[in-house]
Amino acid sequence: MVHVIAVITARPGKRAAILERFRANVPNVHKEKGCIEYGAALDAENALAFQTKWGPETFLVIEKWESMEALKAHAAAPHMAAYGAKTKELIAGRVIHILSPA
């Protein structure tokens, strides 16, 4: 299994626009062979006092894939290229962590 945590930071005021496009693409990703989990997450409101927030322009993409091959296929999928083209100008930064279970 492969875990992915993608930290997406939007240009000021553009997070909602990116999330709209992200949510529209989620059904395509869920249909991919090897996709176990794929979704966006935001800072929780009214969380514990020790929470460190990402901030109003950032969201995380939480992913689980059956294998590295499935993740590679996902990265090369045409719908991901289309999503990237639709959001490219809205994104200020992106950091992707690819992890193995410990």
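The values are calculated or read from the model by the stated rules, or taken from the named source; none is laboratory data. Note that the structure is predicted; figures quoted are calculated from it, not measured. Note that we place each Cβ from the backbone using ideal geometry, even for glycine, and neighbour counts take in every protein chain shown. To get the accessible areas, we keep the full protein, side chains included, count just its heavy atoms, and leave off ligands, DNA and RNA. Shrake-Rupley method; radii C 1.70, N 1.55, O 1.52, S 1.80 Å.
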Review point. How many residues does region 52-70 contain that are open to solvent by 50 Å² or more (accessible area, probe 1.4 Å) and in a helix (DSSP H, G or I)?
Key: 2
Exercise for review: Return only the number of the condition from (1) without any contact (Cβ under 8 Å) to a residue 40 or more places away in the chain; (2) aliphatic (A, V, I, L, M); (3) under 21 Å from residue 89 (Cβ atoms) that residue 8 does not satisfy.
Suggested key: (1)
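Select, from 85, 73, 49, the only residue that is closer than 23 Å to residue 12 by Cα, open to solvent by 50 Å² or more (accessible area, probe 1.4 Å) and among the small types (Gly, Ala, Ser).
That would be 85, the only listed residue that is closer than 23 Å to residue 12 by Cα, open to solvent by 50 Å² or more (accessible area, probe 1.4 Å) and among the small types (Gly, Ala, Ser).
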Check your understanding: Pairs, please: C-beta under 7 Å, at least 6 apart or cross-chain, first residue under 13 Å from residue 28 (Cα atoms) and in region 73-84, second among the aliphatic types (A, V, I, L, M) and open to solvent by less than 50 Å² (accessible area, probe 1.4 Å)?
Key -> 74/29; 74/80
Exercise for review: Assess whether residue 3 counts as being under 13 Å from the mean Cα position of the chain (by Cα), in a strand (DSSP E or B) and surrounded by 13 or more Cβ atoms within 10 Å (Cβ to Cβ).
Suggested key: yes
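What about residue 30, is it free of Cβ contacts under 8 Å to residues at least 40 places away in the same chain and either surrounded by 12 or more Cβ atoms within 10 Å (Cβ to Cβ) or basic (Lys, Arg) (or both)? So that I can check it myself, show each step before the final result.
Numbers: free of Cβ contacts under 8 Å to residues at least 40 places away in the same chain: yes; either surrounded by 12 or more Cβ atoms within 10 Å (Cβ to Cβ) or basic (Lys, Arg) (or both): yes.
Considered against the rule, which asks whether it is free of Cβ contacts under 8 Å to residues at least 40 places away in the same chain and either surrounded by 12 or more Cβ atoms within 10 Å (Cβ to Cβ) or basic (Lys, Arg) (or both), residue 30 comes out as yes.
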Review point. Can you spot a residue in region 50-61 that is touching a helix residue (DSSP H, G or I) at 6+ places or on another chain (Cβ under 7 Å) and of a type in the set (Val, Ile, Thr)?
Key: no
Practice item. Name the one entry in 36, 8, 98 that is part of a strand (DSSP E or B), surrounded by 15 or more Cβ atoms within 10 Å (Cβ to Cβ) and β-branched (Val, Ile, Thr). Key: 8
